[in-house]
Amino acid sequence: MSLNLLNEVLEACHAPTWSGNNDAVDLVVEKGSIVFDTLRQLQSNNIYAEGFSNAKIQADFNSNKAGELPLGTKFRLRLPRIVAECVVAKNLADLLSVDSATYREPRSYFLVGLEKAGGSFCYAGDASLPSAPALIKNYHDAIRLWELIKGQAEHVTPAHNLLFFGLRRTEIAPRFTIDDLGDKIALSDIAEFIRNADRTKTRKEIFHSILSEFLRDQMPDRSYSYLLRQSELFARRLKEGLAIYLSNYSPEKLSKDAQVKHLELAERLEKIIGGIEAKSLTIPAAVLFAIKEVTFAGRWTTLNVIILISTGLYLVAMIIAHCSQISILRLLKTTISKTTAELRDQGLDESNPVLSESFRKLENRQHYCRIGSWLMFSFSFVPLLAVIYAAFFSAAPEPPTYLIKLAPTNTVQIIQGTDNQGASSNLKTNPPPSSK
């Protein structure tokens with residue numbers, strides 16, 4: 001790649017003199033000539049040579065003529081500082097000072113010098129990393145770890161800070177220095193925890209909880225630095241958190257918890273069923289009482305009004321009881337659905353008898369119980385309708401008739417009925433005293 005040609009240019013010159021903001025270097029050719037083509041190829045990476053000390057050389061270079069820079073020639077290289085394209089930096093610390101270089105991996109970059117290791121380094125893709133110094137590898141691991149954490153964040157601010165919300169608000173700013181890159185970063189362990197497809201939701205909750213606790217005492221500007229220095233400890237806590245969760249939610253324990261929850265929900269449903277049964281027993285009693293005591297076709301008699309009010313109040317009580325039962329049944333249905341969903345998320349298999357049989361039967365019972373509640377509610381209108389019909393729409397009963405007959409056997413026969421139908425009874429009378 002043409003960016004590597006910059007190393008040839010620097011080796012042919014005296015030690016570079018950097019400008020105030022490190023976006024240019026002043027060079028003097030002293031170890032060997034530099035051909036124009038080398039400088040022109042660097043322009044594809046936005047590295048431009050200018051300010052030649054010899055005017056003729058400057059004119060020949062600008063005219064695209066062939067030539068070279070002889071010994072003693074002074075010139076300036078204008079350097080790129082754009083992370084999305086190319087960066088030429090004095091060293092790694094200078095690279096970290098470039099905007100967005102702490103949270104975005106540069107497309108390509110050239111470090112003129114390296115802290116501790118010495119020499120230069122050119123990055124032109126992942127193929128450049130296997131032979132890179134440990135400090136450079138740690139830098140790229142730090143950027144990739146930031147991308148992993150960013151994928152778990154609940155909000156990203158315009159300043160690229162990461163926000164996590166849970167038991168407490170946690171904010172992480174994308175700031176770190178080369179001092180935070182001295183130790184190997186546990187990128188692979190953290191990535192394995194996050195990217196594992198098993199229990200994704202649970203892993204995310206554990207990650208948020210551990211991260212919030214881990215950075216509890218850190219300010220946002222120092223949070224990521226601390227995380228990089230203690231990455232192995234953080235990775236270990238993630239593994240421990242998952243292990244503790246799995247021990248608390250083992251298949252056996254999950255199955256027992258599911259059975260307990262099923263019994264609790266079944267007990268609540270039994271109470272509702274008991275209420276429906278009690279309602280079903282009161283309806284026939286109310287009907288019998290109303291029909292027995294009401295005066296047929298009596299309309300607004302005192303007794304009819306009292307019975308009418310009583311059956312009306314009975315209907316109101318049944319409506320209130322029905323609304324309460326329907327609300328509880330609706331809440332119970334939601335609770336059953338949430339409970340089964342939580343058990344599935346926690347890892348309980350769909351074929352487990354508790355889910356496939358017990359909770360399925362509980363859902364069916366809840367459904368039938370709802371139907372029964374609506375049936376009892378519809379029958380609750382019967383006593384009031386019966387009273388209204390008997391008092392206002394039924395025919396008045398005919399009064400009974402009585403017929404007394406004297407039998408020659410000194411008995412009295414009383415006949416009650418209409419249309420030659422009725423009941424009869426014989427009464428024995430004492431014979432009159434005989435005359436002597």
Divide by every residue of the chain the summed helix terms, -39500 (n - 2.57) for each DSSP H run of at least 4, and state the resulting mean residue ellipticity at 222 nm, rounded to the nearest 500 deg cm²/dmol. -16000 deg cm²/dmol
At q = 0.18 Å⁻¹, the log10 of I(q)/I(0) for the stretch 2-131 from a Debye sum over equal Cα scatterers comes to -0.97
Classify the stretch 218-302 as rounded, prolate or oblate, taking a ≥ b ≥ c as the square roots of the eigenvalues of its Cα gyration tensor: rounded when a/c is under 1.5, otherwise prolate if a/b is larger than b/c and oblate if not. oblate
Kindly put D141, D94, D198 in sequence by how many other C-beta atoms sit within 10 Å of each C-beta, fewest to most. D198, D94, D141
Rounded to the nearest 20 debye, what is the charge dipole size of the chain about its Cα centre when +1 sits on each Lys and Arg Cβ and -1 on each Asp and Glu Cβ? 2100
Just subtract the alpha-carbon distance of E50 and F379 from 0.36 nm times their residue separation and send over the number in nm, one decimal. 108.5 nm
Would you work out if the stretch 6-51 is rounded, prolate or oblate? Take a ≥ b ≥ c from the square roots of the eigenvalues of the alpha-carbon gyration tensor; rounded if a/c is under 1.5, else prolate when a/b is larger than b/c, oblate otherwise. oblate
Amide H neighbours of E68 at under 5 Å, excluding residues fewer than 5 places away on the same chain, with H built from the backbone geometry, are F36
Positive end of the charge dipole of the chain (Lys, Arg +1 and Asp, Glu -1 on Cβ, about the Cα centre): tell me which of G275, H262, L329 has its Cα farthest that way. G275
State the extension gain, in nm to one decimal, for the chain segment bounded by N4 and S131, taking 0.36 nm per residue of separation less the distance between their alpha-carbons. 44.2 nm
Listed candidates [x] 231; [y] 213; [z] 309 - label of the one calculated as volume of the Cα convex hull per residue in Å³: [z]
Exposure proxy check on V35, V29: fewest-to-most Cβ neighbours within 10 Å is V35, V29
The ³J(HN,Hα) series, computed from each phi in the stretch 104-116 with the Karplus coefficients 6.51, -1.76 and 1.60 at θ = phi - 60°, rounded to the nearest Hz and given as x for glycine or proline, is 9, 6, x, 5, 7, 7, 10, 9, 5, x, 10, 4, 6
Quick query: amide H of S394 versus all other amide H atoms, modeled in the peptide plane; which residues come in under 5 Å with a sequence gap of 5 or more or a different chain? A297
Set the Förster radius R0 to 51 Å, insert the Cβ-Cβ distance between R78 and K333 as r into 1/(1 + (r/R0)^6), and round the FRET efficiency to 0.05. 0.10
Would you mind ranking I371, I210 by Cβ crowding within 10 Å, fewest neighbours first? I371, I210
Set the Förster radius R0 to 41 Å, insert the Cβ-Cβ distance between I309 and I273 as r into 1/(1 + (r/R0)^6), and round the FRET efficiency to 0.05. 0.85
In the chain, if the dipole is taken from +1 on Lys/Arg beta carbons and -1 on Asp/Glu beta carbons about the Cα centre, which of A290, A49, N248 is farthest to the positive end? A290
With a Förster distance of 45 angstrom and the Cβ-Cβ distance between R222 and N62, calculated FRET efficiency to the nearest 0.05 equals 0.35
Report ³J(HN,Hα) in whole Hz for each residue of the stretch 12-23, in order, from the Karplus equation J = 6.51 cos²θ - 1.76 cosθ + 1.60 where θ = phi - 60°; Gly and Pro get x. 7, 10, 5, 3, x, 10, 8, 6, x, 9, 6, 9
Only Lys, Arg, Asp and Glu count, each charged at its Cβ (+1, +1, -1, -1), so figure out the dipole size of the stretch 251-393 about its Cα centre, rounded to 20 debye. 380
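Read-outs: derived from the displayed coordinates by stated rules, not from any lab. Computed from a predicted model, the values in this text were never measured in an experiment. Note: ideal-geometry Cβ built from the backbone for every residue, glycine included; neighbour counts use all protein chains shown.
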